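Everything on this sheet refers to the single structure shown next.
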Amino acid sequence: MYGISLVCLAVKYILQRNSLKENILVIFVGLVLLVSALVSNSHLLIWCYIFIICARHVSIKPISFCFFMVLFLIGVITFTGYFLGVTSSNNLASTVTRGARYSLGFAHPNTLAFYLLAFELAWISMRYEFLRLRDLVILIVFSTISHFLTYSRTADGAFFLLIAGVVALLFVRKHPSLKNRRRNCKLQLLLFALYASIGAVVAFSIYSMFFYNGSNQAWAKLDSFSSGRLHLAHQYLNETGITAFGHSFEDSAVQNIDIHGEDITFLVDNLYCNVLLCYGFVTWVLSFVGVLLAILRLSHSRQRVWLLGITIFLMVGLFEALFFKLSFNFGVLGLQAAIYKDAFADSTWDESALSVLPLYAKLCNPAQTK
């Protein structure tokens, strides 16, 4: 499967016909990430990067539709296996309530929660231009199901951000008579507050990793609220420090056991601390400078749908390191804007080869929505 994926991606990259300058940039960044992958013995970032550099000129609707269909098949297989008793469920005791946290066949309750979130992200990305009140109702239903099944506080926060975004969009469309200048001013203030919050999340993540003090009652309460995330990041920092290209934690103390019985020796559920500790300072700077550049270009070109997944997963990065995992966040492909200035195809839904599929036309064609 890895080989087939690489062949397909290589063909796509060749068809893009990048300029010499773009190829040099791609190779330079790729070499840095490759060194980091070899040092850290983790290939997540290099695989994510390969998909990003091959995503030039892709449209959001075909991508979100394909992602939606893959998620649908995964759900059918997993839930069917669970209810037939073929697939076990890794249920956990809830630290918030007296009930249990259910995974319904997924590896972890949080995995189920973010599966439901990714499903909704794909749905909203397909129907962004013609969202209706019923789409908001469906989103709230998914959010409620996720909460009472998984009790994932991070997923709850992500769903809240998504619901708030959809509500704001529906409000603006409901009141088109608002003056453009006034609306644009409010939008700019909202974006400023959102990105300032992301900056605060990044700053607190790094600060807590360096200055966490378990003997301090305030720090201890924050660590308890974050399910031990603070002391683990600080622990790994003391163990290895910060290196240029990362560190392999294969010989570190076992923190947990996964569902396959494999030892987990690196457990830092914070995006910013995770990348810094595992992949190193050089890779951290390169990655997040690229994220910042992509956000600026996406905002300038009004590619708000691509920004959706990026923004949400940057916010939840305080408690989860899922940002660079394509299986949860297909919006990460929007980081192509950091490499290519003309990255996005502003094509309509019917310019895709998928337009011959009745289901694609039904979900992605505004004319089909009454």
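Numbers at a glance
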quantity: Candidate set: the stretch 244-281, residues that are modelled with pLDDT of 95 or more and among the hydroxyl-bearing types (Ser, Thr, Tyr); chosen: the one surrounded by the most Cβ atoms within 10 Å (Cβ to Cβ); calculated: Tyr279
quantity: Criterion violated by Trp219 - all others in (1) loosely packed, with under 15 Cβ neighbours inside 10 Å; (2) assigned to a helix (DSSP H, G or I) satisfied; calculated: (1)
quantity: Options Phe65, Phe106; residue that is assigned to a helix (DSSP H, G or I) and either at pLDDT below 95 or at positive phi (or both); calculated: Phe65
quantity: Verdict on Ser64 being over 30 Å from Leu149 (Cα atoms) and hydroxyl-bearing (Ser, Thr, Tyr); calculated: no
quantity: First in the stretch 35-51 and without any contact (Cβ under 8 Å) to a residue 40 or more places away in the chain and in a helix (DSSP H, G or I), second anywhere and crowded, with 19+ Cβ neighbours inside 10 Å and of a type in the set (S, T, N, Q), Cβ under 8 Å, 6 or more apart; calculated: Ile46/Ser36
quantity: Scope the stretch 190-202; condition surrounded by fewer than 14 Cβ atoms within 10 Å (Cβ to Cβ) and among the aromatic types (Phe, Trp, Tyr); matching residues; calculated: Phe192
quantity: Members of the stretch 286-319 that are among the charged types (D, E, K, R) and either crowded, with 22+ Cβ neighbours inside 10 Å or free of Cβ contacts under 8 Å to residues at least 60 places away in the same chain (or both); calculated: Arg297, Arg302
quantity: Failed item, numbered, when His234 is tested on (1) in a helix (DSSP H, G or I); (2) more than 18 Å from Ile312 (Cβ to Cβ); (3) modelled with pLDDT under 90; (4) not β-branched (Val, Ile, Thr); calculated: (3)
quantity: Residue check, Ser125 crowded, with 19+ Cβ neighbours inside 10 Å, free of Cβ contacts under 8 Å to residues at least 40 places away in the same chain and of a type in the set (Gly, Ala, Ser); calculated: no
quantity: Phe28 vs. criteria under 24 Å from Asn274 (Cα atoms), within 19 Å of the chain's Cα centre (by Cα) and either part of a helix (DSSP H, G or I) or at pLDDT below 95 (or both); calculated: no
quantity: Residues (surrounded by 11 or more Cβ atoms within 10 Å (Cβ to Cβ) and either modelled with pLDDT of 75 or more or in contact with a Phe, Trp or Tyr (Cβ under 9 Å, 6 or more places away or on another chain) (or both)) located in the stretch 176-189; calculated: none
quantity: Those residues of the stretch 48-64 which are within 12 Å of Leu335 (Cα to Cα) and in contact with a Cys (Cβ under 8 Å, 6 or more places away or on another chain), in sequence order; calculated: none
quantity: Which listed residue, of Leu34, Leu44, Leu84, Leu9, is under 21 Å from Leu112 (Cα atoms), of a type outside the set (Phe, Trp, Tyr) and under 22 Å from the mean Cα position of the chain (by Cα); calculated: Leu44
quantity: Total residues in the stretch 36-62, condition surrounded by fewer than 22 Cβ atoms within 10 Å (Cβ to Cβ), among the hydrophobic types (A, V, I, L, M, F, W, C) and under 21 Å from Arg302 (Cβ atoms); calculated: 1
quantity: Identity of the residue in the stretch 257-308, closer than 21 Å to Val35 by Cβ and of a type in the set (Gly, Ala, Ser), that ends up farthest from the chain's Cα centre (by Cα); calculated: Gly280
quantity: Residue list for the stretch 20-53, filter: within 15 Å of Ala338 (Cα to Cα) and of a type outside the set (A, V, I, L, M); calculated: Lys21, Glu22, Asn23, Phe28, Gly30, Cys48, Tyr49, Phe51
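The values are calculated or read from the model by the stated rules, or taken from the named source; none is laboratory data. Only a predicted model underlies this, so the values are computations on that prediction, with no experimental measurement involved. Cβ: placed from backbone, ideal geometry, glycine included. Neighbour counts: every protein chain shown.
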